[in-house]
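Working notes for the structure below.
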Amino acid sequence: MQDAQTRKREQRGWVWYDWANSVFPTSVTTVFGSLYLTAVAATSAKADTALNGPNPCPADDKLRDCDISLLGLQFPAGSLWGYLLSFATVIQVLIVPLMGAIADRSHNKKRMLAIFAFAGSVATALIALVAGGNWQLGALLFILGNICYGTSVAIYYSFIPDIAAADERDDLSTKGWAFGYLGAGAALALQLVLVLFGDSFGVDASTAARIAFLTSGIWWALFTLIPLRRLRNHEPTHSLPEGTSVVSAGFKELFDTLRSAKAFPLTLAFLGTYLIFTDGIATVANVSAQYGSEELKFEQDVLITTILIVQFVAYVGGVLHGMVARRIGAKRTILASLAVWVVVIGGAYFVQAGQQLQFYAVAAGIGLVLGGTNALARALFSHMIPPGKEAQYFSVYEVGERATSWLGPLLFAFMAQSTGSYRYAIISLVIFFAVGFVLMIFVPVKRAIEAVGNTVPRTLESKA
């Protein structure tokens, strides 16, 4: 392990990649991507039906029900985004773990981070070219951006054991996560100014969304330069066999990792627990706008304000989680955070329609625990990874998070459909946090860290 001053320099640079890449899941995926690409697909569907047959959905507000086609398959334009997210996740499952295995064998992990970060930022910026009815181009660029985002994040996470001692990881991870929410909030605030007030500058909603894609790509690329200047290449724990390419070694390493992972059941137990409660976290974040719109009858300006509240409060929450973890340990802090999640979801159930302050209070509660819970889980998981396999395990961590992310939305949709109320749908998500809380109690974190041969942090010596 390098000296403290060198580590601190790298750590100060490392957190900037959270700032840089968070614009993709926030601005591109959560806010602009779904609305804009669905609208482009609907425009394409309207043009196709006008040319090729009777228009089954003549009213403008029904364009999402028009069918679009791809490779002989037909589906409503309104379903495009859901299918696109699912397909992008499947592609990530196939690609990201392999890239992680290659990164663990590479002597230039920083270059791999740069390649995927800049490629993702270019793909994101190019979505600004999507207009009219060419939704296929937008879908392709989003998939490329999503692959690059997931791969770069897995490689980025794998730097944690290289640049942080055991007792520094909780603090580093929470700072990075908090910084990411702050950066995403700052970028989104600038973009939303153009969306809300674009008419004053002669910019319509479609053009504002395209500018948002362009600025997101520039933001991602520009701020990636900071960590690339500060991070160094670290010698891989496993050297590359003579005469073997890094790609073939990566394939071999990936298969070896998948076979040997069962030797670390406590690491897998923690990962499984994390995948349960993070599915609840992601679902709450993704359906909160729908809940506010459909159940609580809020207008767009209230929903936008809510998104910004969550982003900026999440920065404070991330920092607070790091401070608490230094005193009581990461595991206990995660348990406390999951308990707060249950309270916040319960509060969301009781928010009255049209009561903005109540909704903002729930948003602040979500922001308080949104970033910190996952940040501490990220740091804790880094202790449970066998040395030299960081990028591979974080690839599994990243892909597993996406591969299970359908459970929460499925439960939410089922409850909304079967009960006719989004209130029952939102309260049903408590199950993810309750189950995660119970399972986390029984995960022996200290023994899991010792089992892989890593040093147990002082905060966990008597607390896990």
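Details
- Where D104 falls short, out of the listed (1) at pLDDT 75 or above; (2) closer than 24 Å to E390 by Cβ: (1)
- The one condition in (1) assigned to a helix (DSSP H, G or I); (2) within 30 Å of A101 (Cβ to Cβ) that I366 fails to fulfil: (2)
- For the residues S79, S86, S69, the requirement of being modelled with pLDDT under 75 and in a strand (DSSP E or B) singles out S69.
- Among the conditions (1) at negative phi; (2) out of contact with any helix residue (DSSP H, G or I) (no Cβ under 8 Å at 6 or more places or on another chain), G453 misses just one, which is (1).
- Flag if G198 is without any contact (Cβ under 8 Å) to a residue 60 or more places away in the chain, in contact with an Asp or Glu (Cβ under 7 Å, 6 or more places away or on another chain) and either open to solvent by less than 50 Å² (accessible area, probe 1.4 Å) or over 25 Å from F381 (Cα atoms) (or both): yes
- Qualifying residues in the stretch 374-404 (those that are of a type in the set (F, W, Y) and closer than 23 Å to S337 by Cα) - the one surrounded by the fewest Cβ atoms within 10 Å (Cβ to Cβ): F381
- Residues (over 25 Å from A221 (Cβ atoms) and touching a Lys or Arg at 6+ places or on another chain (Cβ under 7 Å)) located in the stretch 171-201: D171
The values are calculated or read from the model by the stated rules, or taken from the named source; none is laboratory data. Quantities reported herein were computed from a predicted structural model and do not represent experimental measurements. Counting neighbours? That spans all protein chains shown, and the Cβs are built from the backbone with ideal geometry, glycine included. All accessible areas refer to the heavy atoms of the entire protein, side chains included, with ligands and DNA or RNA removed. Shrake-Rupley method; radii C 1.70, N 1.55, O 1.52, S 1.80 Å.
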